[in-house]
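Trainee: Let me begin by handing over the structure; questions about it come next.
The values are calculated or read from the model by the stated rules, or taken from the named source; none is laboratory data. Note that the structure is predicted; figures quoted are calculated from it, not measured. Cβ: placed from backbone, ideal geometry, glycine included. Neighbour counts: every protein chain shown.
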Amino acid sequence: MSGAPTAQLPPVAQYALRLGDDALILAQRLGEWAANAPELEEDVALTNIALDLLGQARVLLTHAGKIEAAGRTEDDFAFLRDERDFVNVQLVEQPNGDFAQTIARQLFFTAYQRLLYARLADSVDPTLSGVAGKAIKEVDYHEDHAAGWTRRLGDGTEESHRRMQAGVDRLWPYVDELFRTDQLEQRLVAEGIAVDASGLREEWHKRVTSVLDEATLAAPEGSWTAPGGGRRGLHTEAFGYLLAEMQHLHRTHQGARW
Amino acid sequence: MYGLPEEAKDTVAGGRAVAASEAELQSEFDQMVAADQRLEPRDWVPDAYRKTLIRQIAQHAHSEIIGMQPEGNWITRAPSLLRKAILMAKVQDEAGHGLYLYSAAETLGVSRDELLDLLHRGKQKYSSIFNYPTLTWADVGAIGWLVDGAAITNQIPLCRCSYGPYARAMVRICKEESFHQRQGYQILYTLAHGSAEQRAMAQDAVNRWWWPSLMMFGPPDDESQHSAQSMAWKIKRHSNDELRQKFVDMVVPQAEILELTLPDPDLRWNAERGRYDFGPIDWDEFWRVVKGDGPCNRQRMEHRVRAHENGRWVREAALAYAAKHQARAGAAA
Amino acid sequence: MTDRRQWPLWEVFVRSKRGLSHNHVGSLHAADASMALRMARDVYTRRQEGVSIWVVPAASITASSPDEKDPFFEPAGDKVYRHPTFYDLPEGVEHL
């Protein structure tokens, strides 16, 4: 059932949806690589990552439903919300582009998730701490994969360097949003439930710029920052298309079981 | 070819003199095959055996990776998160199966790159079943139930084929394959017991995938040129018609449980034979699709070649990076 | 067109639990050792916990099996496969 707008849900449910939507939308993007990866082994690797993210999303969306206590399931959240009720950051919804752009998105996001989950493991909410505890190993691996490819592409051939730099430049404007916090998050931080996203920025920056350095890539300076707003349900134009594809079949058959 | 230096004919510590004649080698080979022993990568085998095996394993591998396309199509549109996850895992398995099989083929002295090149140039084939389109979600179920079911019927006997690496790859694959068939069956079961629209979707998919699935077993025995030799070499353990019959006998009762019909008015239980009789297969369609004129042949190849070409700069970058780092490590030493 | 240089071939050995030894499970192509290790984990163990993996460049392996017959028996040991010998590869077939 499509239910209450996200902004009206209990704070913990909203928080769970933020993290869950991040994972869900990125999994959806990675799913587009099936049968398209540059090498068979990489097809397996990307799908592995997508499966991990989807697993995280399912637990988080289900948790939001339990807290809301209105009977909504993970599928209700995934398939029956409209654009303005999704609260993922805009970074994860960016199109895959070429492999370099996909890796740039992975590098930025997995470095963030790794820091986030490391702290979320101490949440007083047992479901959130549980998801985080399990996800830490997964995102360690995801981050290692992204950093490895960033180095190979940045310090590979002229063409790969050019494409990797282009990917970094294209996605850098969406990084700032990862570290924006708001009242809802701050209240939950005070209660020991959530992680203060703004507190992750410095460490993220150190980690990512060190990988970029090793990869002979430049961190864009003084470039445009996207206005963001994902946590308030404001997305980019690409998002509508992504949802249309993801949700169409489910919505066509109201109330059906699959 | 047999100009061996005298020294090589001497006994070596722990070994035996092995300057054998081709007749002796052939006889050893024949004995191994007859005794159901496994031939391994360093064994001498007749050239024709090697060539046939390379072709068979490679085409099997190509089938796995081309097969990722019709199903991969539906990952982004799966109607529930659970189904999305299961489908992702299945398509990932197929990539893995392709890898195991290329790996087995490479033990025969050919590189994956060469095999992919033959595929891309249309010189090696893949299973024709993947030249049909997946038009609805129910097609994903039909593929799991019928196509994977047919593949399993084919593959289980290959676990005992005469070439070790291929047999071992098949054992691995069979372990993972039964989950695939079950998930396809579950999809169809849920649809068949769902809404009227879902039921119609399921029946429509079965109607379109039934006959092509029967064609997966290849032409009738009396038209199958290479079968006899492959059977003698134990790289084919049962005939096309035998396997096709086995498949039908397995699947018909499953269809009854689904409460879906199979689009064959001649399908009926024959008490005398203890098997199901079924109607004539359209062999014209079979040959048309094999020869390249099925609904999706061009599309599948175009997609495959495009993915490969698009990935070229990535593969090259990885090699360049590895070379640079080896060089640096060498310089630092 | 084949890649002029493809990712080299690596053989993969997996020890699925303590107390057992490493077993050969297959091969894969990777550009370097760390990629090979990661891919081996993805492909051959599906990232199970507690599994130990060895990856070895196929070209580094020296093999010997005294009872395998070979007209070109080399007493000093040989490569794992008849590799990289390239055969005339069989072209199109009449049927599957």
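Trainee: Any residue that is over 20 Å from residue A:228 (Cβ atoms) and free of Cβ contacts under 8 Å to residues at least 40 places away in the same chain - is there at least one of those in the stretch A:75-91? Steps first, answer last, please.
Mentor: First, the residues of the stretch A:75-91 that are over 20 Å from residue A:228 (Cβ atoms): A:75-80.
Then drop every residue that is not free of Cβ contacts under 8 Å to residues at least 40 places away in the same chain, which leaves none.
There is no residue in the stretch A:75-91 that is over 20 Å from residue A:228 (Cβ atoms) and free of Cβ contacts under 8 Å to residues at least 40 places away in the same chain.
Trainee: Does the stretch B:315-328 include one or more residues that are of a type in the set (S, T, N, Q) and at pLDDT 95 or above? Walk me through how you get there before you give the answer.
Mentor: Restricting attention to the stretch B:315-328, the residues satisfying the condition of being of a type in the set (S, T, N, Q) are B:326.
If we keep only those that are at pLDDT 95 or above as well, we get none.
Looking for residues that are of a type in the set (S, T, N, Q) and at pLDDT 95 or above, one finds none in the stretch B:315-328, hence no.
Trainee: Within the stretch B:224-257, track down each residue that is within 14 Å of chain C (Cβ to nearest Cβ) and either touching a residue at least 60 places away in the same chain (Cβ under 8 Å) or of a type in the set (Lys, Arg) (or both). Can you show your working first?
Mentor: From the stretch B:224-257, those within 14 Å of chain C (Cβ to nearest Cβ) are B:224-230, B:235-236, B:239-241, B:243-244; that's our starting set.
Within the stretch B:224-257, B:226, B:229, B:230, B:235, B:236, B:243, B:244 qualify.
Trainee: With the requirement that a residue be over 22 Å from the mean Cα position of the chain (by Cα), part of a helix (DSSP H, G or I) and more than 13 Å from residue A:107 (Cβ to Cβ), what does the stretch A:129-162 give you?
Mentor: Those that are over 22 Å from the mean Cα position of the chain (by Cα), part of a helix (DSSP H, G or I) and more than 13 Å from residue A:107 (Cβ to Cβ): A:158, A:159, A:160, A:161, A:162.
Trainee: Another question, if that's okay. If I filter the stretch B:208-215 for residues that are on the phi < 0 side of the Ramachandran plot, within 11 Å of chain C (Cβ to nearest Cβ), at pLDDT 95 or above and surrounded by 18 or more Cβ atoms within 10 Å (Cβ to Cβ), do I get at least one hit? Walk me through how you get there before you give the answer.
Mentor: In the first step, residues of the stretch B:208-215 are kept if they are on the phi < 0 side of the Ramachandran plot; the result is B:208-215.
Of the ones still in play, those that are also within 11 Å of chain C (Cβ to nearest Cβ) are B:215.
From what's left, at pLDDT 95 or above: B:215.
Then keep just the ones that are surrounded by 18 or more Cβ atoms within 10 Å (Cβ to Cβ); that gives B:215.
Among the residues of the stretch B:208-215, at least one is on the phi < 0 side of the Ramachandran plot, within 11 Å of chain C (Cβ to nearest Cβ), at pLDDT 95 or above and surrounded by 18 or more Cβ atoms within 10 Å (Cβ to Cβ), which makes the answer yes.
Trainee: Scan the stretch B:62-88 for residues that are within 21 Å of the chain's Cα centre (by Cα), closer than 16 Å to residue B:185 by Cα and among the aliphatic types (A, V, I, L, M) and jot them down.
Mentor: B:86, B:87
Trainee: Here's a follow-up. Return yes or no: is residue A:35 outside any helix (DSSP H, G or I) and at the interface with chain B (Cβ under 7 Å from one of its Cβ atoms)? Outline the logic, then answer.
Mentor: On the way: outside any helix (DSSP H, G or I): yes; at the interface with chain B (Cβ under 7 Å from one of its Cβ atoms): yes.
It is true that residue A:35 is outside any helix (DSSP H, G or I) and at the interface with chain B (Cβ under 7 Å from one of its Cβ atoms).
Trainee: Going by the conditions given, is residue A:146 without any contact (Cβ under 8 Å) to a residue 40 or more places away in the chain, of a type in the set (A, V, I, L, M, F, W, C) and more than 13 Å from chain B (Cβ to nearest Cβ)?
Mentor: So residue A:146 does not fit the description; no.
Trainee: For the stretch A:60-118, what are the residues that are more than 15 Å from residue A:25 (Cα to Cα) and β-branched (Val, Ile, Thr)?
Mentor: Across the stretch A:60-118, the qualifying residues are A:62, A:67, A:73, A:103.
Trainee: Could you figure out which of (1) charged (D, E, K, R); (2) within 14 Å of chain B (Cβ to nearest Cβ); (3) over 20 Å from residue A:90 (Cα atoms) isn't true of residue A:245?
Mentor: (3)
Trainee: In the stretch B:63-72, is there at least one residue being within 17 Å of residue B:304 (Cβ to Cβ), within 9 Å of another protein chain (Cβ to nearest Cβ), hydrophobic (A, V, I, L, M, F, W, C) and touching a His at 6+ places or on another chain (Cβ under 9 Å)?
Mentor: yes
Trainee: Quick check on the stretch A:109-128: of everything there that is of a type in the set (S, T, N, Q) and part of a helix (DSSP H, G or I), which residue is farthest from residue A:53 (Cα to Cα)? Full working, then the answer.
Mentor: We begin by selecting, within the stretch A:109-128, every residue of a type in the set (S, T, N, Q); these are A:110, A:113, A:123, A:127.
Now restrict to residues that are part of a helix (DSSP H, G or I): A:110, A:113, A:127.
Values: A:110: 11, A:113: 11, A:127: 16 Å.
Among residues in the stretch A:109-128 that are of a type in the set (S, T, N, Q) and part of a helix (DSSP H, G or I), the one farthest from residue A:53 (Cα to Cα) is A:127.
Trainee: If you take the residues in the stretch A:222-231 that are closer than 18 Å to residue A:91 by Cα and more than 15 Å from the chain's Cα centre (by Cα), which one is farthest from the other protein chains (Cβ to nearest Cβ)? Talk me through it step by step, then tell me what you get.
Mentor: Keep residues of the stretch A:222-231 that are closer than 18 Å to residue A:91 by Cα, which gives A:223-231.
Those still in the list that are more than 15 Å from the chain's Cα centre (by Cα) too: A:223-227.
Numbers: A:223: 24, A:224: 27, A:225: 29, A:226: 24, A:227: 27 Å.
The extreme case among them is A:225.
Trainee: Looking at this structure, is residue B:306 part of a helix (DSSP H, G or I), facing another protein chain (nearest Cβ under 9 Å) and exposed (fewer than 14 other Cβ atoms within 10 Å of the Cβ)?
Mentor: Working: part of a helix (DSSP H, G or I): yes; facing another protein chain (nearest Cβ under 9 Å): yes; exposed (fewer than 14 other Cβ atoms within 10 Å of the Cβ): yes.
Answer is yes for this residue.
Trainee: For residue A:185, work out the one condition from (1) farther than 30 Å from residue B:316 by Cβ; (2) within 14 Å of chain B (Cβ to nearest Cβ) it doesn't fulfil.
Mentor: (2) is the only condition that residue A:185 fails.
Trainee: Looking at B:141, B:96, which is the one that is more than 12 Å from chain C (Cβ to nearest Cβ) and assigned to a helix (DSSP H, G or I)?
Mentor: Numbers: B:96 fails: more than 12 Å from chain C (Cβ to nearest Cβ).
None of the other options fit; the residue is B:141.
Trainee: Kindly evaluate residue A:60 against the criterion of being buried (at least 20 other Cβ atoms within 10 Å of the Cβ), in contact (Cβ under 8 Å) with a residue 40 or more places away in the chain and within 12 Å of the chain's Cα centre (by Cα).
Mentor: Details: buried (at least 20 other Cβ atoms within 10 Å of the Cβ): yes; in contact (Cβ under 8 Å) with a residue 40 or more places away in the chain: yes; within 12 Å of the chain's Cα centre (by Cα): no.
No; evaluated as a whole, the condition is false for this residue.
Trainee: Looking only at residues in the stretch A:153-164 that are within 8 Å of another protein chain (Cβ to nearest Cβ) and free of Cβ contacts under 8 Å to residues at least 24 places away in the same chain, which one is surrounded by the most Cβ atoms within 10 Å (Cβ to Cβ)?
Mentor: The extreme case among them is A:156.
Trainee: Also, quick follow-up: Taking residue B:79 as meeting all but one of (1) part of a helix (DSSP H, G or I); (2) within 9 Å of another protein chain (Cβ to nearest Cβ), write down the number of the exception.
Mentor: (1)
Trainee: When only residues in the stretch B:250-289 that are of a type in the set (A, V, I, L, M) and not in a helix (DSSP H, G or I) count, which is nearest to residue B:147 (Cα to Cα)? Before you say what the answer is, go through the steps one by one.
Mentor: First pass over the stretch B:250-289, keeping only residues of a type in the set (A, V, I, L, M): B:250-252, B:255, B:257-258, B:260, B:262, B:267, B:271, B:281, B:289.
Now restrict to residues that are not in a helix (DSSP H, G or I): B:260, B:262, B:267, B:271, B:281.
Details: B:260: 16, B:262: 14, B:267: 19, B:271: 27, B:281: 16 Å.
The residue in question is B:262.
Trainee: Related question: Considering each residue of the stretch A:43-62, count those that are more than 8 Å from chain B (Cβ to nearest Cβ) and either among the small types (Gly, Ala, Ser) or farther than 13 Å from residue A:134 by Cβ (or both), and give that number.
Mentor: Summing the residues that are more than 8 Å from chain B (Cβ to nearest Cβ) and either among the small types (Gly, Ala, Ser) or farther than 13 Å from residue A:134 by Cβ (or both) in the stretch A:43-62 gives 4.
Trainee: Output the residues belonging to the stretch B:20-40 that are more than 29 Å from the chain's Cα centre (by Cα) and surrounded by fewer than 14 Cβ atoms within 10 Å (Cβ to Cβ). Give the steps one after another, and end with the answer.
Mentor: We begin by selecting, within the stretch B:20-40, every residue more than 29 Å from the chain's Cα centre (by Cα); these are B:20-25, B:27-28.
Residues satisfying the conditions are B:21, B:22, B:23, B:27.
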